[in-house]
Amino acid sequence: MMRPARLAVGVVSAGRVGSVLGAALARAGHTVVAASGLSGASLARAERLLPDVPLLPPDETVSRADLVLLALPDDALAGMVRGLVATGSVRAGQIVVHTSGAHGIDVLAPVAEAGALPLALHPVMTFTGREEDLERLAACSIGITAAADDEAAWHVGEALTVEMGAEPVRIPDSARALYHAALTHGANHLMTLVADCAEVLREAGIEQPERLVAPLLSAALDNVLRHGDRALTGPVARGDLGTVRKHLAVLADRAPDVAPAYRALAKRTVARSTAAGLLDTAAAKDLTELLDDPAEGHPDQ
């Protein structure tokens, strides 16, 4: 038997994250009573993931809800919070959750002053806004932040996370910015790195580069997660100065937009390889000088 819903949920807004988390809460037995969304993509997504849920302005969505889910861009969150409080949409006893990784609960101070319970729940995954995201939630963590001295609030965040199928991880408010910087550096920059890799392979005449690199990159990710810096391989970790010099030259000639990123990441690899004992100090010094020399890799050299 389906257990009765316990909370009325309002989703602001029905973007990729909001629609999926709203659907996950509905699947857990809550009722999504309203959602807000203006773009055509949001409307289509809400129709698919939140069927029969009325689309209303944000203030009306919030006023109907026991649990308010603010799935907004980082820079839009503070203004929306102030606006909702100013309209009287937020009331005492509500749970107000935002999904921003960059913010803790300070941005929700106005709703706390109105008597609502503030929570930050950040899903540590990328969203497509499609049904498969609901299944991916089961393999991801959600970073929870609540007031440091409010154990009941932490438990509410953990309960909601578990109900959505994810694993709760407590993130102190003071660590939130560093936590988000680390995740952004890892996930978003990895996507850029992989896209650059595929683009350079196409420049080299390789068709379907994704098929070529998928096993390599999957193994590299698995190895570093299992073994850390000891998993580092390649010409930098081996101290192959001549190979790195050739890379700088060919990238400067054929992929100049990628060359600075190669140079910067190679320098980080030198530092990590040295710290891990894979690279001796003499080789590290030679590689660092090569990577710091703006003339190296210059197409006119």
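The values are calculated or read from the model by the stated rules, or taken from the named source; none is laboratory data. Note that this is a predicted model, so its numbers are computed, not measured. For neighbour counting, all protein chains shown are included, and Cβ atoms are generated from backbone atoms with ideal geometry for every residue, glycine included. What goes into the accessible areas is simple: the full protein's heavy atoms, side chains included, and nothing from ligands, DNA or RNA. Shrake-Rupley method; radii C 1.70, N 1.55, O 1.52, S 1.80 Å.
Things to note:
- Three principal axis lengths of the range 175-235 [C-alpha, angstrom, descending]: 45, 24, 20
- Ranked by how many other beta carbons lie within 10 Å on average, peptides 63-75, 281-293 from highest: 63-75, 281-293
- Calculated on the alpha-carbon coordinates, the convex hull of the range 253-301 measures out at 68 cubic angstrom per residue.
- When each of the peptides 269-280, 176-187 is scored by how many other beta carbons lie within 10 Å of its residues on average, the order from highest to lowest is 269-280, 176-187.
- The range 67-136 - accessible surface per residue (Å², probe 1.4 Å): 40
- Sorting 239-249, 25-35, 223-233 by their mean Cβ neighbour count within 10 Å, with the most densely packed peptide first, gives 25-35, 239-249, 223-233.
- DSSP-defined beta bridges in the range 8-171 - what % are antiparallel, rounded to 5: 15
- Ellipticity estimate at 222 nm from DSSP helix runs (n ≥ 4, -39,500 (n - 2.57)) divided over the chain, nearest 500: -16500 deg cm²/dmol
- Counting protein heavy atoms only, the range 8-171 has 55 percent of its accessible area on carbon and sulfur, 1.4 angstrom probe.
- In a simple Cβ point-charge model (Lys, Arg +1; Asp, Glu -1; nothing else charged), the chain has a dipole of about 440 debye relative to its Cα centre.
- Per-selection Kirkwood Rh - the range 208-262 (Cα, Å, 1 d.p.): 13.0
- Cα gyration tensor shape of the range 179-292, rounded if a/c is under 1.5, else prolate or oblate by comparing a/b with b/c: oblate
- The range 1-95, relative contact order [Cα under 8 Å, separation at least 6], %: 33
- With respect to the chain, whose longest principal axis is taken over its alpha-carbon atoms, helix 16-27 is tilted by about 50°.
- Of all DSSP beta bridges in the chain, antiparallel share, percent nearest 5: 15
- With Cα atoms, 0 to 90° folded angle of helix 281-292 axis to the chain main axis: 80
- Rg over Rh [alpha-carbon atoms, Kirkwood Rh] for the range 1-67: 0.95
- Reciprocal of mean inverse Cα separation for the range 8-171 (Kirkwood radius, Å): 15.3
- Sparsely packed loop sites in the range 124-174 (the GluC sites (Glu not before Pro) outside DSSP H, G, I, E and B with at most 16 other Cβ atoms within 10 Å) comprise 131.
- Compared with the dominant Cα axis of the chain, that is its longest principal axis, helix 176-203 is turned about 50°.
- Taking the charge dipole of the range 164-301 about its Cα centre, with +1 at Lys and Arg Cβ atoms and -1 at Asp and Glu Cβ atoms, the residue from 278, 166, 208 reaching farthest to the positive side is 166.
- Convex hull projection area averaged over all views, the chain, Cα basis, nm²: 19.6
- Max mean-square fluctuation residue, GNM over the chain, Cα-Cα springs under 10 Å, options 260, 58, 168: 260
- Here the dipole of the range 8-171 is about 340 debye; that uses its Cα centre as origin and unit charges on the Cβ of Lys and Arg (positive) and Asp and Glu (negative).
- Given their separation in residues at 0.36 nm each and the Cα-Cα distance between them, residue 265 and residue 148 gain 38.4 nm when the chain is fully extended.
- Spin-label pair residue 217/residue 250, simplified geometry with 7 Å Cα→Cβ offset, distance in nm: 1.9
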